[in-house]
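Undergrad: Next up is a structure, given as structure tokens.
The values are calculated or read from the model by the stated rules, or taken from the named source; none is laboratory data. Bear in mind the structure is a predicted one, so any value in this text is a computation, not a measurement. Cβ placement follows ideal geometry from the backbone for every residue including glycine, while neighbour counts extend to all protein chains displayed.
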């Protein structure tokens with residue numbers, strides 16, 4: 001029997017549609033329409049530098065949802081981009097990579113790590129630039145530089161320092177209720193109200209004090225030598241410090257992890273988008289809880 005969902009946990013901003021309020025951890029994939037107007041503490045660079053030239057914006061075909069990425073290899077016929085697994089969900093049915101100079105390329109394929117929130121995207125185009133992957137993890141309190149596209153803005157750089165490792169919990173989706181769950185006392189309220197059970201996953205993370213916003217997911221974080229030392233994948237809602245995929249996970253994914261690429265099929269039948277349970281859906285429901293049990297669940301989430 002499944003347990004009631006409670007305890008202070010963290011929530012995913014799934015498929016780019018939602019932001020979590022409060023101090024909970026949220027994956028920072030977001031649509032442009034959902035971005036809060038908190039831009040004054042970022043500096044938008046007007047002059048390209050090596051870090052910015054490696055940075056790309058990743059969006060769906062409609063260009064209204066996406067995140068950031070970093071080029072790790074370019075050749076005459078293809079280029080490879082690192083980002084987050086949850087950012088790759090945006091390009092499952094087609095997506096675009098946009099470079100610092102405005103060049104756009106169709107996503108050809110992607111492959112998702114089985115270990116952490118990492119994904120590699122391939123495009124059949126030479127993107128001209130690529131970041132150098134560091135050879136070792138950054139030292140604590142050493143300089144950290146994040147480059148990405150928060151709010152799907154032009155390239156933005158923020159700086160801070162690398163801090164400590166920590167383990168965080170993030171909601172990565174919803175498990176539908178079974179017929180048995182709906183009939184089980186103590187579970188039926190949650191099934192009827194939320195439509196399922198939150199799926200929670202633990203992640204190893206490295207905190208950095210460079211500031212990020214929704215849309216920063218997949219941004220490269222660089223050491224003092226300008227080498228790629230990790231990827232942003234989470235943070236608190238709005239403006240916050242960066243929770244990053246630690247260097248070891250990125251290094252092992254790039255060099256050792258064997259994952260089969262998934263090709264994007266641009267010939268799929270166009271169907272109306274179905275509404276899915278998301279953070280905003282749950283948040284709206286929690287404004288008017290139906291009973292004390294649901295009220296307690298909502299308090300544990302928000």
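Undergrad: Being in contact (Cβ under 8 Å) with a residue 60 or more places away in the chain and within 12 Å of the chain's Cα centre (by Cα) is the filter here; which residues of the range 237-255 pass it?
TA: Within the range 237-255, 242, 243, 245 qualify.
Undergrad: On the given criteria, is residue 111 at pLDDT below 95 and not in a helix (DSSP H, G or I)?
TA: So residue 111 does not fit the description; no.
Undergrad: Hand me the list of helices (runs of 4 or more DSSP H) wholly inside the range 217-302 holding 1 or more residues that are modelled with pLDDT of 95 or more and surrounded by fewer than 17 Cβ atoms within 10 Å (Cβ to Cβ).
TA: On the way: elements: 247-255, 279-286, 292-301.
Per the criteria, 247-255.
Undergrad: Filter the range 195-208 down to the residues that are crowded, with 20+ Cβ neighbours inside 10 Å, modelled with pLDDT of 95 or more and touching a helix residue (DSSP H, G or I) at 6+ places or on another chain (Cβ under 9 Å) and list them by number.
TA: Correct list: 206 only.
Undergrad: Also, I was wondering about something else. Can you tell me which of (1) closer than 15 Å to residue 148 by Cα; (2) surrounded by 24 or more Cβ atoms within 10 Å (Cβ to Cβ) is the one residue 211 doesn't meet?
TA: (2)
Undergrad: Follow-up. Within the range 135-142, identify whether any single residue is surrounded by 15 or more Cβ atoms within 10 Å (Cβ to Cβ), touching a strand residue (DSSP E or B) at 6+ places or on another chain (Cβ under 9 Å) and not in a loop (DSSP other than H, G, I, E, B), and answer yes or no.
TA: no
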